[in-house]
Amino acid sequence: MSVAAKAEANMSDAEVVEAYLTASMIPDPDAAAAYMKPGTIITFTGGREFDHPRGPTGFNARRYRWVKKKMDRFDVCPGAEETVVYSIGTLYGEWLDGTPFEGNRYVDRFVVRGGQIVKMDVWNDSAERILVQMGIEA
């Protein structure tokens, strides 16, 4: 999303993050990318790096039949040049085998500068839950 579009929409940095997450859950990675500055690095669980929301969408397609976020809260840490926004909540959906799940904790950390996301870090409990499903205590 351009700075002009953000100003026109009068979106706060937390609203930019929420709009990104909402688009990414459709999933519509191209719509999600509109909220990111080109070249933004998304560091996903396990240290995987992507330069477009298509990366996490593709990764999630290999892990989940479908997945959504229950966004419980946004913690906003404003700074002089940028704002850090944390989205905290839980994941719910279905694993590839069709088994439903919920309550899978996540934390997403965003750096927002000039109305655009410039960095994103993602953490969640999915790997731990997959180990338990496999009978391996995490």
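A few comments on the model shown:
- Across segment 89-111, the number of residues qualifying as farther than 25 Å from Lys37 by Cα and either within 12 Å of the chain's Cα centre (by Cα) or of a type in the set (S, T, N, Q) (or both) comes to 4.
- Breaking point among (1) in contact with a Phe, Trp or Tyr (Cβ under 7 Å, 6 or more places away or on another chain); (2) modelled with pLDDT under 95; (3) of a type in the set (S, T, N, Q), for Thr99: (1)
- Residues considered: Gly103, Gly89. Of these, the only one that is under 15 Å from Ala14 (Cα atoms) and not charged (D, E, K, R) is Gly89.
- So Gly135, is it farther than 29 Å from Ser12 by Cβ, assigned to a helix (DSSP H, G or I) and small (Gly, Ala, Ser): no
- Test: Pro29 is touching a His at 6+ places or on another chain (Cβ under 8 Å) and either at pLDDT 95 or above or not hydroxyl-bearing (Ser, Thr, Tyr) (or both): yes
- Test: residue in segment 103-112 that is surrounded by 17 or more Cβ atoms within 10 Å (Cβ to Cβ), touching a residue at least 40 places away in the same chain (Cβ under 8 Å) and not aromatic (Phe, Trp, Tyr): yes
- Any chance Tyr86 is under 11 Å from the mean Cα position of the chain (by Cα), within 26 Å of Asp125 (Cα to Cα) and crowded, with 16+ Cβ neighbours inside 10 Å: yes
- Matching residues in segment 26-55 - criterion: being closer than 16 Å to Val107 by Cα and in contact with a helix residue (DSSP H, G or I) (Cβ under 9 Å, 6 or more places away or on another chain): Ile42, Phe44, Thr45, Gly46, Arg48
The values are calculated or read from the model by the stated rules, or taken from the named source; none is laboratory data. Values in this document were obtained by computation on a predicted structure and should not be read as measured data. When we count neighbours, we look across all protein chains shown, and the Cβ atoms used for this are built from the backbone with ideal geometry, even at glycine.
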